[in-house]
Amino acid sequence: MYEQQQRPEAPPHGPLAGFTVGVTAARRADELGALLRRRGASVVHAPALRIVQLADDSELLTATKELIDQAPDVVVATTAIGFRGWVEAADGWGMGEDLLARLRGVELLARGPKVKGAIRAQGLTEHWSPSSESMAEVLDRLLEEGVEGRRIAIQLHGEPLPGFVESLRAAGADVVVVPVYRWMPPEDIAPLDRLLDVTVTRGLDAITFTSAPAAASLLSRAESRGLLPELLAALHHDVLPVCVGPVTALPLQAHGLDTVQPERFRLGPLVQVLCKELPGRARTLPIAGHRVEIRGHAVVVDGTLRPVPPAGMSLLRALSRRPGWVVARAELLRALPGAGRDEHAVETAMARLRTALGVPKLIQTVVKRGYRLALDPAADSKYDV
C-alpha cells in the first residue's frame, strides 16, 4: 500500500506579506484595502480624485429631461452605482417614474452583472449584456446592428470612454451622454503627494488603479511637482502598475508604461493578479544552507516572514545585486538613504539587519573589505556575474 502523500503546509503568511501596495481609488478603497491586507500586504492609500455627484447639476438634469421628452432607441448602462445614482437624482427632481417609464420602452443594454442587478432592482429588464463585461463588445454589437439615425443614450460614471461616443457618432448615431458623476481633484492633496513621494523613492512594490481619471490625476500631479520623469522611471522598472482594465490603463500606456491587468475587470481578480505577480518578482537565493526570499520590506527565511527595517533592506538589496561577492562599506554607505559619510552607519544598519533576519551567518564580514552574502558554494556558478 502506498503511503498517502501529505500536502505541504501553507505558509503562515499571506502571498502579499512583505510587499507594500499603493491604492489610488476614491470609491471602494476600503474594500480593496481589506482584500490586500487579508493577503498580507501593507497598504498605502491616497485617493487620486474625488467623486462629485451631479444631483444638483444642470447637465444631468437637462440630459434626463431630454430623454424623457424625446425617447432614445437604446440606453447603455455602464455601472451599477451610476445607474442607481441617475434614478435617485431623477426621483429628487420628481421625474423618477417618468424616467423609468421611458426606460421600459427602449433597448436597454447592461455592461455587466452588477449593472444588470441595478436595472432589475428598478423593475426593468435588460435586453442584452456582454459576457466579457467590456464596452468594446457593446460597441461592436451596436455597430453590427447599425446605428445610423438611431438615438443612443450612454450613462457614464465619471470615466471617459475613449473612442466609444466618437465611433457611434461617426457611424451616424445621435448620442446623448448622461454624466451621473464627475471626477475632481482631492480636496486634501497631501495624501496624494505622500503616495507620489513613496512611489518615486521605491517605497512601494505595486500601485493599483481602478479608474482612468485616477491614473491621469497621479500623472498630472507628478508633472505639476516636476516629478513626472522620476515617477515614470519608477513605474517602468521597480513599482508594478496594476490596472483593473484596459480603459483604466490608457493614461499610463500613453506614457509608454506597461501595465498588468486581470482578465475580469473586478477588484477580486485584480488582487489575484498581485498575488501572482509580486511573489514572482521576489529574489530567491540559497544562502548559508537557507532559502532566502527578498521581498519589498521583508525577507522570507525558510518559509518564515521576517520584517526588515528600511535601512537593512537597502543593504540587503545592494548585497543581492552581486550575491556572493564582497561589497565595500563605501558602496553600502551610498545605498543607505541619508546616511552621510560615516561608515559606522553601515555597521549599525548591518547589525540590525542580521538581527532582523534571525540567522546572522547569512551575511559574512570580510575584514577590511566589506560584507558579502554567504551564497551556497553549489550556487556560485548560477549566480556568478
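A compact table of results
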quantity	calculated
Criterion (farther than 28 Å from Leu16 by Cβ, in a loop (DSSP other than H, G, I, E, B), touching a strand residue (DSSP E or B) at 6+ places or on another chain (Cβ under 7 Å) and in contact (Cβ under 8 Å) with a residue 12 or more places away in the chain) met by exactly one of Glu187, Glu148	Glu187
Close pairs (7 angstrom Cβ cut-off, 6 or more residues apart or separate chains): over 10 Å from Leu267 (Cβ atoms) and at pLDDT below 90 in the stretch 6-35, in a loop (DSSP other than H, G, I, E, B) and charged (D, E, K, R) anywhere	Gly14/Arg39
Out of Leu319, Leu274, sole residue that is under 28 Å from the mean Cα position of the chain (by Cα) and either of a type in the set (Ser, Thr, Tyr) or crowded, with 17+ Cβ neighbours inside 10 Å (or both)	Leu274
Selected residue (criterion: nearest to Arg84 (Cα to Cα)) from residues of the stretch 27-42 that are buried (at least 19 other Cβ atoms within 10 Å of the Cβ) and within 12 Å of the chain's Cα centre (by Cα)	Leu32
Residue in the stretch 82-89 that is surrounded by fewer than 20 Cβ atoms within 10 Å (Cβ to Cβ) and either modelled with pLDDT under 90 or under 20 Å from Phe164 (Cα atoms) (or both) present	yes
Test: residue in the stretch 63-74 that is under 30 Å from the mean Cα position of the chain (by Cα) and under 18 Å from Ala173 (Cβ atoms)	no
Residue selected from the stretch 250-265 under the condition within 18 Å of Glu137 (Cα to Cα) and in contact (Cβ under 8 Å) with a residue 24 or more places away in the chain, by the criterion nearest to the chain's Cα centre (by Cα)	Phe265
Residue list for the stretch 327-342, filter: open to solvent by 40 Å² or more (accessible area, probe 1.4 Å) and either closer than 14 Å to Val366 by Cβ or among the small types (Gly, Ala, Ser) (or both)	Ala328, Arg329, Ala330, Glu331, Gly338, Gly340
Residue check for Ala298: closer than 23 Å to Arg202 by Cα, modelled with pLDDT under 90 and either open to solvent by less than 40 Å² (accessible area, probe 1.4 Å) or hydroxyl-bearing (Ser, Thr, Tyr) (or both)	no
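This table checks each residue for (1) modelled with pLDDT under 95; (2) of a type in the set (D, E, K, R); (3) assigned to a helix (DSSP H, G or I).
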| position | (1), (2), (3) |
| --- | --- |
| Leu100 | no, no, yes |
| Leu109 | no, no, no |
| Lys114 | yes, yes, yes |
| Glu133 | yes, yes, no |
| Ala136 | yes, no, yes |
| Pro160 | yes, no, no |
| Gly172 | no, no, no |
| Val177 | yes, no, no |
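The values are calculated or read from the model by the stated rules, or taken from the named source; none is laboratory data. These figures come from a predicted structure and were not determined experimentally. Counting neighbours? That spans all protein chains shown, and the Cβs are built from the backbone with ideal geometry, glycine included. Heads up: the accessible areas ignore ligands, DNA and RNA and are worked out on the full protein's heavy atoms, side chains in. Shrake-Rupley method; radii C 1.70, N 1.55, O 1.52, S 1.80 Å.
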